[in-house]
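Below is one structure; the comments refer to it alone.
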Amino acid sequence: MDERSETIALGQPTVGDEELAAVAEVLRSGWLAGAGPACAEFERRFATAVGTGHALATANCGSALQLGLTVLGVRPGDEVIVGDYTFPATGHAVLHAGATPVFADVSPDTWCADPAAIETLVGPRTVGILAVDVAGQPGDFDAYRAIADRHGLWLFEDAACSAGATYRARPAGSLADLAAFSFHGRKGITAGEGGALVGDRADLIEHARRLHSYGIEPAISREGAEGLPIPVFSEAGHNFRMSEVQAAIMTVQLDRLPALLAARRAVAKRYHEAFADLDGVEPPAELPDREHAWQSYLLTIDPALGRDAVALYLRERGVQCTFGTYASHLQPVYGPQPSLPVSARAFASQVAIPLHANLTEQQVDRVIATVRDAVAASGRTQE
């Protein structure tokens, strides 16, 4: 096939024989339901990887967020400050808890919640801060913590995109009272779907463990018990469990994480170098006190060129792309909201280009060339 006619995927998982062998082992074990021995092993490994005392494997990141908010005590009438530039699962979790998301505008370098904006939003009904690691780079968590401590709030990290990222040498996931991860197919490590809730407080994670199994201890806790233990339902929970097959895949993906991160970072470095001098295009920043996980590579396109025109040019030439993420405050589900100009500008001007660990040198070259051609073509159109 002509390389120029090949479609270059925006994102792509890296899986192989190791994952197949892990799935086969689960199938042979006879335990396929969630919250079994494979989940327990993944939880142990993942907690170590992200520097926390405990981890709970969940069905997805949304369920991890919802469980976390519940065990933190969020109730109807509460307000939770949420970084605005994020997939709306973050705000939705607050709604599902019966509370109100109060969206904070973002910093123009990381697109993570601006600490100064957070400070202005703290009010009598505020109970916590839900800060998002946008595209795989944590925000200013020391500043977030200072605000939380000053006002008696909890701090929750939406680390959906940031497995393997760091902030001031501390792993993403260990930066707040709780953190939630996603293992969706576009993430750095993936089982297609899945998530995790992590933290150092055993009481919070164990409460979440009961809630993610309808309100009782998972079945594995009764393995080997004498007699016939019958669980008691003391509160209403959910079925938010990760399956054993997913957990087996995720354990292998954890082994791959260093190599996958290195590959993503190498691609991001090439993009940085290629686009540093490109008029009308601003590459994303990686701040010097943190390591980016590069779940997404978001270019900011000058309005004079037109983000949509650049994206259409890329797609027509077989380079997959999409918008960055959402300015949540503009979504009608949340009702009328104050203007948040930095987030709104990012939403209107950013495009995500292919970034995954399977990209070849030739594919990266073609993405770079096509982006440069798209910018040139858009510039001629404006003239």
Considering residues that are outside any helix (DSSP H, G or I), farther than 12 Å from residue 299 by Cβ and open to solvent by 20 Å² or more (accessible area, probe 1.4 Å), the number found within the stretch 311-325 is 3
Conditions (1) assigned to a helix (DSSP H, G or I); (2) closer than 26 Å to residue 284 by Cα; (3) among the aliphatic types (A, V, I, L, M) -> residue 81 fails only (1)
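Criterion first (within 30 Å of residue 23 (Cα to Cα) and either part of a strand (DSSP E or B) or at pLDDT 95 or above (or both)) does residue 127 satisfy it?
Considered against the rule, which asks whether it is within 30 Å of residue 23 (Cα to Cα) and either part of a strand (DSSP E or B) or at pLDDT 95 or above (or both), residue 127 comes out as no.
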Residue 6 - would you say it is among the charged types (D, E, K, R) and either in contact with a Phe, Trp or Tyr (Cβ under 6 Å, 6 or more places away or on another chain) or over 30 Å from residue 313 (Cα atoms) (or both)?
no
With criteria (1) of a type in the set (A, V, I, L, M, F, W, C); (2) without any contact (Cβ under 8 Å) to a residue 60 or more places away in the chain; (3) open to solvent by less than 20 Å² (accessible area, probe 1.4 Å); (4) more than 19 Å from residue 66 (Cα to Cα), residue 189 comes up short on (2)
Taking the stretch 311-341 and keeping residues of a type in the set (D, E, K, R) and free of Cβ contacts under 8 Å to residues at least 24 places away in the same chain leaves 315, 316
Scanning the stretch 341-351 for residues that are closer than 25 Å to residue 94 by Cβ and of a type in the set (A, V, I, L, M, F, W, C), the one least open to solvent (accessible area, probe 1.4 Å) turns out to be 346
Scanning the stretch 130-152 for residues that are open to solvent by less than 50 Å² (accessible area, probe 1.4 Å) and farther than 30 Å from residue 11 by Cα, the one nearest to the chain's Cα centre (by Cα) turns out to be 144
Checked the stretch 326-340 for anything surrounded by fewer than 14 Cβ atoms within 10 Å (Cβ to Cβ) and either acidic (Asp, Glu) or not in a helix (DSSP H, G or I) (or both); matches are 335, 336, 338, 339
When the stretch 186-195 is checked residue by residue, the ones that are among the small types (Gly, Ala, Ser) and over 11 Å from the mean Cα position of the chain (by Cα) are 191, 192, 194
Per the list (1) open to solvent by 10 Å² or more (accessible area, probe 1.4 Å); (2) in a loop (DSSP other than H, G, I, E, B); (3) modelled with pLDDT of 95 or more, residue check on residue 162 breaks on (1)
Screening 56, 67 for residues that are within 30 Å of residue 331 (Cβ to Cβ) and either in a strand (DSSP E or B) or without any contact (Cβ under 8 Å) to a residue 12 or more places away in the chain (or both) leaves only 56
Just one listed residue, out of 38, 21, 55, 9, is surrounded by fewer than 23 Cβ atoms within 10 Å (Cβ to Cβ), of a type in the set (Gly, Ala, Ser) and out of contact with any Pro (no Cβ under 9 Å at 6 or more places or on another chain), and it is 21
Subset of the stretch 217-272, residues part of a helix (DSSP H, G or I), farther than 26 Å from residue 20 by Cβ, open to solvent by 50 Å² or more (accessible area, probe 1.4 Å) and modelled with pLDDT of 90 or more, comes to 265, 266, 269, 270, 272
> Of the residues that make up the stretch 80-90, is at least one acidic (Asp, Glu) and open to solvent by less than 60 Å² (accessible area, probe 1.4 Å)?
Replying inline: yes
Residue hits (the stretch 21-36; at pLDDT 95 or above and under 20 Å from residue 59 (Cα atoms)) are 22, 23, 26, 27
Condition set without any contact (Cβ under 8 Å) to a residue 24 or more places away in the chain and under 26 Å from the mean Cα position of the chain (by Cα), scope the stretch 277-310, selection least open to solvent (accessible area, probe 1.4 Å): answer is 283
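The values are calculated or read from the model by the stated rules, or taken from the named source; none is laboratory data. What you see is a predicted model; the values in this text were computed from it and never measured. A quick note on method: Cβ atoms are made from the backbone with ideal geometry, for glycine too, and the neighbour counts reach across all protein chains shown. What goes into the accessible areas is simple: the full protein's heavy atoms, side chains included, and nothing from ligands, DNA or RNA. Shrake-Rupley method; radii C 1.70, N 1.55, O 1.52, S 1.80 Å.
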